[in-house]
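Notes follow the structure.
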Amino acid sequence: MRTYLEDGEPILAVKSELYFGFQIRRVRELQNIQIHFSKYRPANYGTITGLLMHMLRNIPHSPVAQTGYLRDALRDLHFDKVMDRFGTFFLHELDLEKAALPDITQEDTDECLLAMSRVKSLKQIKDKRGMVTIQAVDDEGPTEQFPIGNAPTWDEIASTMACNPKLLMSKWAWDEKWATGSTAGRLFLQFTTDYFLTLSTEVVNDAHLPKPKELKDAMELWTVSSLMALLKDVSFKPSNHGLLGKVPGRRNPSFRDMVDLFFPGLDVNIREKSVWHPFMTRGYIREFHQTIHSMTEDETSSLLRALGRIFGRIQCLPNAAACTQKSCGRLWEQSDGGIKMLTNPIFYKIEMVGKAKRKGTARGKQVKAGKAIIEARLDEQHRNIPFNEGRLKARQAKKARKRETKRRTGKKNNYRKPPVKRQKVPIAISEESHSQEADRSSDENFPDVPSVRVLRRRVIVSEEEEEEEEEEEEEAIDELEDEEMDEVEEELDQMDVDDDGEDYMDV
């Protein structure tokens, strides 16, 4: 058979579901990698983008690399050799946690910068890259990649997580590169087993509490699907750690940082009445303390980093609380008889948290009819006055009231009409009085001071001019009122009064 496969080079037939399912998975994973790198924007982001796009084009056919920076990256990754041997290409050294690909150049070349940007000025591109800014993402509708939109509000995220968490959470996948026989994997396996032993049998669906055998089973046990199958009543709530946009309240710690909560150090004082005390006397915390007690400081730090990587890759964790001097701590958060779990934000199918849209206050329907309608109806009921006639009179009275109010407090009253320039009529002064005024103005005690002549004039406005001004103001007001009355009469003449009372209803 081996000779037949090597020499004969037969055609291997596979089902279309298997073949196209594998191709769809490749496209989806490359798309997720591109989205992940777009959040970090490393210095060689343009080169990585070109490489990922080349891999996408390789799915249906075999394209030729046209740009120099892409050919250099493919040569560094031994693209042709890998394709000749396996028929497909893999990025084994891709580090999603650090957003890095170490085998290629770590900084985009000038050719790459110009090719990846619409701006054709190299200086502007580099200056823009140097600015550390977070730009808002355009709010798009629900898609297959973002089921509730790429920038949903925090309330939408919380409600979706409570009602349908599988819609918002990406599927968890096991990676064979994760070490299963390491010390960190052994401690996490024991932590998972001991932690689920604290549950009551009344809250689980199975009579036996879970006891995973491998690291893969232990990590999968903390997924949304496994917890929903294991627990009778479980709900999930979102974490705001690392999410872009405006989120309410304080920032939650990352799942990596929660290692210090579930694996406390030797210096942490766990009281006897604490809920964590059984783990310290006969559980996984005791095993953890015995392990780090025989390690050096560097080895302990390496162990904690390995545990942090495991915690950062699981989907859910209990919303636990450490013990203090006043409280005994908390292992599980209860909600209406069920358990509430905290979810890992790296699995959310969103780009950022959007702003909540302001909604105007919905004005309810007015149940009471207008005053004019009420008065017209009452006149028709008790005084035998036709409804349309009574409504028209009420409408006219209302118009008159508005016109009077406008006349008193309208805009024209705030406008000051400039006064009419008046002629000043001087009073003739005789020579005798003029000489007397000059003599009084001189000071005998100060002969050196020159005398000052003061001429006093009086402005006399006749009564006739005052009456003329008052008449002009009254005429202006009368003309304004006549214009308003004409407008009202024209409106009334143009109105077609219907029997149903829709035209003049004042609601």
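The values are calculated or read from the model by the stated rules, or taken from the named source; none is laboratory data. The structure presented is a predicted model; accordingly, all values stated were derived computationally and were not measured. A quick note on method: Cβ atoms are made from the backbone with ideal geometry, for glycine too, and the neighbour counts reach across all protein chains shown. Just the protein is used for accessible areas: all its heavy atoms, side chains included, with ligands, DNA and RNA removed. Shrake-Rupley method; radii C 1.70, N 1.55, O 1.52, S 1.80 Å.
Can you spot a residue in segment 357-372 that is exposed (fewer than 15 other Cβ atoms within 10 Å of the Cβ) and in a helix (DSSP H, G or I)?
yes
Test Leu243 against the stated conditions and say whether it is in contact (Cβ under 8 Å) with a residue 40 or more places away in the chain and not aromatic (Phe, Trp, Tyr).
Working: in contact (Cβ under 8 Å) with a residue 40 or more places away in the chain: yes; not aromatic (Phe, Trp, Tyr): yes.
Taking the combined requirement at face value, the residue satisfies it.
Select from segment 108-118 the residues that are surrounded by 12 or more Cβ atoms within 10 Å (Cβ to Cβ) and not polar (S, T, N, Q) and list them in ascending order.
Our first condition is that a residue be surrounded by 12 or more Cβ atoms within 10 Å (Cβ to Cβ); within segment 108-118, this holds for 108-109, 111-117.
Scanning segment 108-118 gives Asp108, Glu111, Cys112, Leu113, Leu114, Ala115, Met116.
Hey, does segment 240-247 have a residue that's in a helix (DSSP H, G or I) and open to solvent by less than 70 Å² (accessible area, probe 1.4 Å)?
Looking only at segment 240-247, we keep the residues that are in a helix (DSSP H, G or I), and these are none.
No, segment 240-247 contains no residue that is in a helix (DSSP H, G or I) and open to solvent by less than 70 Å² (accessible area, probe 1.4 Å).
For segment 149-164, name all the residues that are open to solvent by 10 Å² or more (accessible area, probe 1.4 Å) and under 24 Å from Asp233 (Cβ atoms).
Asp155, Glu156, Ala158, Ser159, Thr160, Ala162, Cys163, Asn164
Within segment 199-213, is there a residue that is hydroxyl-bearing (Ser, Thr, Tyr) and either more than 36 Å from the chain's Cα centre (by Cα) or open to solvent by 60 Å² or more (accessible area, probe 1.4 Å) (or both)? Show your work before the answer.
If we filter segment 199-213 for residues that are hydroxyl-bearing (Ser, Thr, Tyr), which is where we start, we get 200-201.
Then drop every residue that is not either more than 36 Å from the chain's Cα centre (by Cα) or open to solvent by 60 Å² or more (accessible area, probe 1.4 Å) (or both), which leaves 200-201.
The answer is yes, given that some residue of segment 199-213 is hydroxyl-bearing (Ser, Thr, Tyr) and either more than 36 Å from the chain's Cα centre (by Cα) or open to solvent by 60 Å² or more (accessible area, probe 1.4 Å) (or both).
Starting from segment 72-99, take each residue that is in contact (Cβ under 8 Å) with a residue 12 or more places away in the chain and list its partners that are open to solvent by 80 Å² or more (accessible area, probe 1.4 Å), counting only C-beta distances under 7 angstrom and pairs at least six apart or across chains.
Note: pairs meeting the criteria are Ala99/Tyr40.
Please go through (1) touching a residue at least 12 places away in the same chain (Cβ under 8 Å); (2) of a type in the set (S, T, N, Q); (3) closer than 30 Å to Ile310 by Cβ for Asn58 and return the number of the only condition it doesn't satisfy.
For Asn58, the failing item is (3).
Can you pull out the residues in segment 301-349 that are over 29 Å from Leu167 (Cβ atoms) and in a loop (DSSP other than H, G, I, E, B)?
The answer is Ala322, Cys323, Thr324, Gln325, Lys326, Ser327, Cys328, Gly329.
Tally the residues that are without any contact (Cβ under 8 Å) to a residue 24 or more places away in the chain and either open to solvent by 60 Å² or more (accessible area, probe 1.4 Å) or not in a helix (DSSP H, G or I) (or both), restricting the search to segment 282-297.
Here is the first cut: in segment 282-297, the ones without any contact (Cβ under 8 Å) to a residue 24 or more places away in the chain are 282, 285-286, 289-290, 294-297.
Cutting the leftovers down to either open to solvent by 60 Å² or more (accessible area, probe 1.4 Å) or not in a helix (DSSP H, G or I) (or both) gives us 282, 286, 290, 294-297.
Qualifying residue count, segment 282-297: 7.
Could you grab the pairs with beta carbons closer than 6 Å, sequence gap of 6+ or different chains, first residue in segment 325-350 and under 17 Å from Lys171 (Cα atoms), second one part of a loop (DSSP other than H, G, I, E, B) and open to solvent by 50 Å² or more (accessible area, probe 1.4 Å)?
Hits for this filter: Pro345/His241; Pro345/Gly242.
Could you tell me whether any residue of segment 188-200 is among the charged types (D, E, K, R), at pLDDT 90 or above and either assigned to a loop (DSSP other than H, G, I, E, B) or within 16 Å of Leu317 (Cα to Cα) (or both)? I'd like the intermediate steps shown before the answer.
First, pick out the residues of segment 188-200 that are among the charged types (D, E, K, R): 194.
If we keep only those that are at pLDDT 90 or above as well, we get 194.
Among the residues that remain, those that are also either assigned to a loop (DSSP other than H, G, I, E, B) or within 16 Å of Leu317 (Cα to Cα) (or both) are: 194.
Yes.
Specify the residue that is modelled with the lowest pLDDT; the eligible residues are those in segment 35-57 that are among the aromatic types (Phe, Trp, Tyr) and open to solvent by less than 50 Å² (accessible area, probe 1.4 Å).
Phe37
Among the residues of segment 94-111, is there at least one that is in contact with a helix residue (DSSP H, G or I) (Cβ under 7 Å, 6 or more places away or on another chain), on the phi < 0 side of the Ramachandran plot and not in a loop (DSSP other than H, G, I, E, B)?
For segment 94-111, residues in contact with a helix residue (DSSP H, G or I) (Cβ under 7 Å, 6 or more places away or on another chain), on the phi < 0 side of the Ramachandran plot and not in a loop (DSSP other than H, G, I, E, B): present.
Any residue that is closer than 30 Å to Pro345 by Cα and open to solvent by 50 Å² or more (accessible area, probe 1.4 Å) - is there at least one of those in segment 76-92?
Initial filter on segment 76-92 (closer than 30 Å to Pro345 by Cα): 89-92.
With open to solvent by 50 Å² or more (accessible area, probe 1.4 Å) added as a condition, the list becomes 90, 92.
Yes, because at least one residue in segment 76-92 is closer than 30 Å to Pro345 by Cα and open to solvent by 50 Å² or more (accessible area, probe 1.4 Å).
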